[in-house]
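Presented below is the structure to which this report refers.
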Amino acid sequence: MVTCILLSAGLNERFGSPKALASISGNNVIQLVQNTLLQSACDEIIVVLGAHASQIQPSIFKHSRIHVVYNKDYFFGQTSSVQAGWREAEDSSSGVMILPVDCPLVQASSIDEIIRHFNKYGPDILIPTYQNKKGHPPVFHQCLKSKALNLPMDLGLNSLFDQHPPHTIEINDSGIIKSFNTPEEFEKITSKQ
């Protein structure tokens, strides 16, 4: 069983409004990502909200696989949100997949391929790549849970890479490397959608 932690707690200062609510193909970003995850082999989806929770909450689907967690420490950054989500993950989960809401173009088939590889080989950390560029969503094995939960919030999860060198899997999906922080970047990655 793999849990996906969907990160949507950030302040979104560079974007100017909640990135989760940006419009893409007739849906907003967080609806699109939830649809993708529900079509995938992710057993559990934990949506982490924070800065704009009251605005984003109405776009969260009511579904048995989707749970919402509020990260009261969202202003400390992404690590705090991963920690808030991982604390709520099922103990039976073999690992957590981390997907920031600003990476909305990953395909369900890519998520399935990443999960299959993780389940087969069980690496501590698995990172998808596209044309040798690292992308999202990475998967972290359950054995790293206590280390991740005890990380200082000013350190990223990549600080675990020294002791746990990531495995990589090449995925034929440019969506895994397409993310956005500004309206210009959003326009660039969605212009061909």
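Restricting attention to segment 152-181, the residues being under 17 Å from GLY95 (Cα atoms), touching a Ser or Thr at 6+ places or on another chain (Cβ under 8 Å) and hydrophobic (A, V, I, L, M, F, W, C) number 2. Set side by side, the residues LEU32, LEU7, LEU21 differ, and just one is in contact with a Gly (Cβ under 8 Å, 6 or more places away or on another chain) and not charged (D, E, K, R), which is LEU7. Within segment 25-38, residues that are aliphatic (A, V, I, L, M) sit with their Cβ atoms under 7 Å from residues that are open to solvent by 20 Å² or more (accessible area, probe 1.4 Å) and not in a helix (DSSP H, G or I), at 6+ positions apart or across chains, in these pairs: LEU32/SER25; LEU38/HIS63; LEU38/ARG65.
Per-residue answers, yes or no, for (1) hydroxyl-bearing (Ser, Thr, Tyr); (2) within 17 Å of the chain's Cα centre (by Cα):
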position	(1), (2)
ILE125	no, yes
THR129	yes, yes
HIS136	no, yes
HIS164	no, no
GLY175	no, yes
SER179	yes, yes
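When segment 176-193 is limited to residues that are in a helix (DSSP H, G or I) and among the β-branched types (Val, Ile, Thr), the one that is surrounded by the most Cβ atoms within 10 Å (Cβ to Cβ) turns out to be ILE176.
Screening GLN57 against (1) more than 19 Å from SER17 (Cβ to Cβ); (2) outside any loop (DSSP other than H, G, I, E, B); (3) open to solvent by 10 Å² or more (accessible area, probe 1.4 Å) leaves a single unmet condition, (1).
A quick yes/no check of all residues on (1) of a type outside the set (A, V, I, L, M, F, W, C); (2) modelled with pLDDT under 95; (3) closer than 30 Å to SER23 by Cβ:
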| residue | (1), (2), (3) |
| --- | --- |
| CYS103 | no, no, yes |
| GLN107 | yes, no, yes |
| SER110 | yes, no, yes |
| GLU113 | yes, no, yes |
| HIS117 | yes, no, no |
| TYR121 | yes, no, no |
| THR129 | yes, no, yes |
| LYS134 | yes, no, yes |
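Listed by first and then second residue, the pairs with beta-carbon distance under 7 Å, at least 6 apart or on different chains, first residue in segment 67-82 and modelled with pLDDT of 95 or more, second open to solvent by 100 Å² or more (accessible area, probe 1.4 Å), are HIS67/GLU88; VAL69/GLU88.
Please go through (1) more than 16 Å from the chain's Cα centre (by Cα); (2) surrounded by 14 or more Cβ atoms within 10 Å (Cβ to Cβ) for GLU44 and return the number of the only condition it doesn't satisfy. It is condition (1) that GLU44 fails. Among the residues in segment 30-48, are any closer than 19 Å to SER191 by Cβ and either touching a Pro at 6+ places or on another chain (Cβ under 9 Å) or not in a strand (DSSP E or B) (or both)? Checking segment 30-48: at least one residue is closer than 19 Å to SER191 by Cβ and either touching a Pro at 6+ places or on another chain (Cβ under 9 Å) or not in a strand (DSSP E or B) (or both).
The values are calculated or read from the model by the stated rules, or taken from the named source; none is laboratory data. Please read these numbers as outputs of a predicted model, since none were measured by experiment. Glycine gets a Cβ as well: all are built from the backbone with ideal geometry, and neighbour counts include every protein chain shown. Only protein heavy atoms, including side chains, enter the accessible area calculation; ligands, DNA and RNA are left aside. Shrake-Rupley method; radii C 1.70, N 1.55, O 1.52, S 1.80 Å.
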